[in-house]
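*Asks:* Dumping the structure here so I can ask a few things about it.
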Amino acid sequence: MYEQREQRPDGDHAFEIVLSLQRMKRETTALLEAFEDLPLDEKRVFANEILRRSLPFDSGALEDKEIDAGSAVLFRSLDEEDADASTG
């Protein structure tokens, strides 16, 4: 079983995204595990090739909680940029 947990960037522990990959085939899980062992430059090349082969891909409409999480990341990044510009 391969499970990854991520916390929301704003530190809200109540909101947790759980990506459960239990339904993946063993081959897919093995690829992901092998990917983790690659050097950074090879990871980038591999990821680019996967994306190139996957497009066009329609994942469907975003849910409100996905939009909220993305907005929180964006606004936090913009706030950090503003703070860095003010102090630098």
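*Asks:* Return yes or no: is Ser86 at pLDDT 90 or above and of a type in the set (Ser, Thr, Tyr)?
*Replies:* On the way: at pLDDT 90 or above: no; of a type in the set (Ser, Thr, Tyr): yes.
For Ser86, the condition - at pLDDT 90 or above and of a type in the set (Ser, Thr, Tyr) - is not met.
*Asks:* Next up: Taking the stretch 29-88 as the region of interest, how many residues are among the basic types (Lys, Arg) and not in a helix (DSSP H, G or I)? Don't jump to the end; show me each part of the working.
*Replies:* Here is the first cut: in the stretch 29-88, the residues among the basic types (Lys, Arg) are 43-44, 52-53, 65, 76.
Restricting the remaining residues to those that are not in a helix (DSSP H, G or I) gives none.
Looking only at that region, the number is 0.
*Asks:* For the stretch 34-43, how many residues meet the condition of being surrounded by 10 or more Cβ atoms within 10 Å (Cβ to Cβ) and either more than 17 Å from the chain's Cα centre (by Cα) or at pLDDT below 90 (or both)? Outline the logic, then answer.
*Replies:* Looking only at the stretch 34-43, we keep the residues that are surrounded by 10 or more Cβ atoms within 10 Å (Cβ to Cβ), and these are 34-35, 38, 42-43.
Filter again for either more than 17 Å from the chain's Cα centre (by Cα) or at pLDDT below 90 (or both), leaving 34, 38, 42.
Within the stretch 34-43, residues that are surrounded by 10 or more Cβ atoms within 10 Å (Cβ to Cβ) and either more than 17 Å from the chain's Cα centre (by Cα) or at pLDDT below 90 (or both) number 3.
*Asks:* Please go through the stretch 44-67 and pick out each residue that is among the aliphatic types (A, V, I, L, M) and over 16 Å from the mean Cα position of the chain (by Cα).
*Replies:* Of the residues in the stretch 44-67, the ones among the aliphatic types (A, V, I, L, M) are 45, 47, 50-51, 55, 61-62, 67.
Within the stretch 44-67, Val45, Leu55, Ala61 qualify.
The values are calculated or read from the model by the stated rules, or taken from the named source; none is laboratory data. Fair warning: this is a prediction, and the values are worked out from it, not measured in the lab. Virtual Cβ from ideal backbone geometry, glycine too; neighbours counted across all protein chains shown.
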